[in-house]
Amino acid sequence: MSQDSSSPQSSRPDLDEVINVTQAHTPEATAAAAREFPNPGADKQPLSIATFALCAVMLIIGGAVLGTTSGSLFDYDIQVKPNYVRGKAPGAADDEALPPKPILDLYVKKGQALYSAKCNGCHGADAKGDGVNYPSLVGSAWSTGHTERFSQVILNGLQGPTSTGKVYGAGVMPAQGGGMSAQDLAYLMTFIRNSFGNAVGDVVTPEMAQAAIDLAAARKNPAAPVTADELKSFEKDLPGEKVDPATLVDPITLKPVAAK
Ligand code: HEC
């Protein structure tokens, strides 16, 4: 087995002539070759389809759990900061900002969700009640009349009779003030007084709503629902500076803006 390394041809020898195939494949020779040219992973099995399927199922279930439980990973509120507003593009004109709106419109819009969460279940999506168990809030004297009286019905609940003298089948309205901020109460009262056909046209401010919360806390028996009798002492409007319902405010901050 001689090799002539001086000739370029001989670097690619004819197998038949120069290599003894049997010799080249002795166990020793193969082991030596394996040491010199390791083939990583040659001893591994391919991933079994069962393992693959198991991983897929776990990802799907995991994703579903993260995606659906409340306060979940993909929640809009978690992904996007509250009150997040996209910055203006460089050079954008001022009038590309969100246009200001009358404060009354914005309060009504904000109050809608609170009504759906707190009152809808009994008084109905159209606020008309059912005439039997729950009274209508449309045209109701206590909803559209003195704000102080209206606020105390919401915050404390009501033991009938109602403004019409009628006692409804459900008997008593439970207090709704729990966990409600002054700002929320202001939105909610403004919404009811200016929706469903009610058109009082006034804005209940957070300052007024805070006064209502203080009044409720100062009642002799704050845990009991108010009655028609007790409501007579609330035939007033809530104290606080009145706001022109047409005041233009920024739709995000709700702060007044100078009219253009
Ligand atoms: C669990 C049911 C229930 C919920 C929730 C509820 N109410 Fe009532 N509401 C009643 C019942 C029942 C009455 C009548 C009480 C009676 O006859 O004793 C009533 C009466 C009223 C009245 C008196 C109407 C009138 O003219 O006499 C007002 C105002 C009112 N509710 C407002 C609200 C508002 C606002 C909310 C949401 C914050 C709300 N209620 C949530 C059951 C409910």
- Between Val249 and residues 5 or more places away or on another chain, which pairs have amide H atoms under 5 Å apart, with H built 1.01 Å from N, and which residues are they? Lys101, Ile103, Val257
- Message: Using the basic label-point model (7 angstrom from Cα toward the beta carbon), what is the Asp214 to Ala246 distance in nanometres?
- Response: 3.2 nm
- Compute the distance in nm between two label points, each set 7 Å from the Cα along the Cα-to-Cβ direction, one at Asp43 and one at Ala199. 8.7 nm
- Query: Taking the highest mean first, how do the peptides 138-147, 217-226, 52-61 order by number of other beta carbon atoms within 10 angstrom per residue?
  - Reply: 138-147, 217-226, 52-61
- Task: Mind computing the radius of gyration and Dmax over the alpha-carbon atoms of region 162-260? Å is fine for both.
- Result: 15.9, 53
- Note on the structure: Cβ density ranking, 10 Å radius, fewest first, applied to Glu230, Glu235 yields Glu235, Glu230
- Take the Cα atoms of region 101-249, build their convex hull, and give its volume per residue in Å³. 96 Å³
- A correct fewest-to-most ranking of Val153, Val85 by other Cβ atoms within 10 Å would be Val85, Val153
- Got the relative contact order for region 101-249 handy, in percent, Cα pairs under 8 Å and 6 or more residues apart? 34 percent
- Query: With each label point set 7 Å from Cα along the Cα-Cβ vector, what nm distance links Val57 and Asn120?
  - Reply: 3.8 nm
- Message: Assuming 0.36 nm per residue, please report the length gained on full extension of the stretch Ala170 to Ser233 beyond their Cα-Cα distance.
- Response: 20.2 nm
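Where a number appears in this text, it was derived from the coordinates with a stated rule and is not lab data. On a predicted model such as this, the values are computed, not experimentally measured, just so you know. Note: ideal-geometry Cβ built from the backbone for every residue, glycine included; neighbour counts use all protein chains shown.
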